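Structure record follows, encoded as structure tokens.
The values are calculated or read from the model by the stated rules, or taken from the named source; none is laboratory data. These figures come from a predicted structure and were not determined experimentally. Glycine also receives a Cβ, built like all others from the backbone with ideal geometry; neighbour counts cover every protein chain displayed. Remember, those area values only see protein heavy atoms, side chains included, never the ligands or the DNA or RNA. Shrake-Rupley method; radii C 1.70, N 1.55, O 1.52, S 1.80 Å.
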Amino acid sequence: MSEVKISAATRTEFGKGAARRIRRESKVPGVLYGHGSDPVHLTLPGHELLMALRTPNVLIALDIDGKANELAIPKSVQRDPLKGFLEHVDLQLVKRGEQVNVEIYVHTEGELAPGGYLLEHVLNALPVEAEATHIPESVTVSIEGLAAGDSILAKDITLPKGTTLAVEEDTVVLQVLAAQAEEAAEGEEAGGEEAAEA
């Protein structure tokens, strides 16, 4: 995983007014925390941060006030619900060689067995533990030929080297369901009978 270098500045102004001023300057307020140290309040460049966050679990090399260099991963990102711009970001301090808990996306490949089955993503992201500078972006799982009643458990997923599960092995990640059309038709019939009785 590559590092993204971002220059940040510490901030001393807090509250909604200060946050709005920061965002008007195309910057994003953030907090860096971890390793038992006091939280550091930061102002980060909006566009650079937005581009960095396109990579899941991106490793950010922070240059703070031109003095301190720290490694961090994003833990919480708040976006404007309508416009999508970044409102605030929480960053977790990490060190090289340190194991961290993150979630990685689960992608699927292949086709389900014929029959109009539905694939349910019970978990969209899989909790794992990985070395801070080698966090995988995602895992790919084959669903080829699966039919109703089949499921893929956390232990069935092949993880990249150096990555371990941070969830019970028997946790269901994906499951295949029967087509819903028959169930819906049965529900409509029952509803029709109830309406007739009323």
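Starting from the amide H of Leu146, placed 1.01 Å from N in the peptide plane, find each other amide H under 5 Å away whose residue is 5 or more places distant or on another chain.
Answer set, sorted by chain and number: Ala113.
Per residue, how large is the accessible surface of the chain? Use a 1.4 angstrom probe and give square angstrom.
Here the residues of the chain average 59 Å² of exposed surface.
Report, by chain and number, residues whose modeled amide H sits under 5 Å from the one on Ala8, excluding near sequence neighbours (fewer than 5 apart, same chain).
Sorted by chain and number, the residues that satisfy this are Asp63, Ile64, Asp65, Gly66.
Counting only other residues whose beta carbon sits under 13 Å from that of Arg96, what net charge do I get with K and R as +1, D and E as -1?
On the way: positive: Lys95; negative: Glu3, Glu70, Glu98, Glu131.
Its environment carries a net charge of -3.
Between Ala166 and Ala61, take the C-beta separation as r, use R0 = 25 Å, and let me know the FRET efficiency to the nearest 0.05. Provide the component values of the computation, followed by the final result.
Numbers: r = 24 Å, r/R0 = 0.98.
For Ala166 and Ala61, the calculated efficiency is 0.55.
If the cut-off is 28 Å between C-alpha atoms, which lysines fall inside it for Lys16, apart from same-chain ones fewer than 8 positions away?
Lys5, Lys27, Lys67, Lys75, Lys83
So who's got an amide H within less than 5 Å of the one on Lys75, skipping anything under 5 residues away but keeping other chains? H placed 1.01 Å off N, in plane.
It is Asp90, Leu91, Gln92, by chain and number.
Where Rh is the Kirkwood radius over the Cα pairs of the chain, the temperature 20 °C and the viscosity 1.002 mPa s, what D in µm²/s does Stokes-Einstein return?
Values: Rh = 20.0 Å.
Stokes-Einstein gives a translational diffusion coefficient of 107 µm²/s.
Rounded to a whole number, what % of the accessible area of the stretch 1-125 do carbon and sulfur atoms account for, probe 1.4 Å? Each step should come with its number before you reach the end.
Working: 3660 of 7420 Å².
Of the solvent-accessible surface of the stretch 1-125, carbon and sulfur hold 49 percent.
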